[in-house]
1. Name the pairs whose Cβ atoms lie under 9 Å apart, with the first residue in the stretch 11-23 and open to solvent by 40 Å² or more (accessible area, probe 1.4 Å), the second of a type in the set (Val, Ile, Thr), and 6 or more positions between them or separate chains?
2. For residue 32, all conditions in the list (1) closer than 26 Å to residue 114 by Cα; (2) at pLDDT 80 or above; (3) open to solvent by 90 Å² or more (accessible area, probe 1.4 Å); (4) out of contact with any strand residue (DSSP E or B) (no Cβ under 8 Å at 6 or more places or on another chain) hold save one; what is the number of the exception?
3. Since residue 45 meets every condition but one in (1) modelled with pLDDT under 95; (2) under 15 Å from residue 19 (Cβ atoms); (3) open to solvent by less than 60 Å² (accessible area, probe 1.4 Å); (4) within 15 Å of the chain's Cα centre (by Cα), which condition does it not meet?
Amino acid sequence: MPRDRYPDCENCEAPCCRRQFVEDDSGWFTLKDARPIYLEAGTDIKIVGWHKQKDGRQPMFECQGFDTSTLRCNVYETRPEHCRSYDCRDDDPDEWQQRAHCDLARHELHLQRAARSS
């Protein structure tokens, strides 16, 4: 299959882990709602931004389990259920191709820079 049909998951910078909103059928999660889910998985979250919703402000979370130096999840085996079931291609069938984290050439440049600086 053509390489451009699928996101580059091996080198993903995980925007879903680093800038995420959490919700369920009852609404948006607050830090108080979401934190226990991540603590149970063996990590924590922090608020890194806000988004205005019709019913108020929604916190944007960053999972502390994502290692930015290795681009890997440190709690992969115990990650929350919404992490296990998430697929960026489900958001919008074409949107993932437009995201910077799915640019293979950008990742190769990122890896080259990291190798030079170490």
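The values are calculated or read from the model by the stated rules, or taken from the named source; none is laboratory data. Given the structure is predicted, the values throughout are model-derived calculations rather than measurements. Every residue, glycine among them, receives a Cβ derived from its backbone with ideal geometry; neighbour counts consider all protein chains shown. Keep in mind that these areas ignore ligands, DNA and RNA; they rest on the heavy atoms of the full protein, side chains included. Shrake-Rupley method; radii C 1.70, N 1.55, O 1.52, S 1.80 Å.
1. 18/48; 18/68; 19/48
2. Unmet condition: (1).
3. (1)
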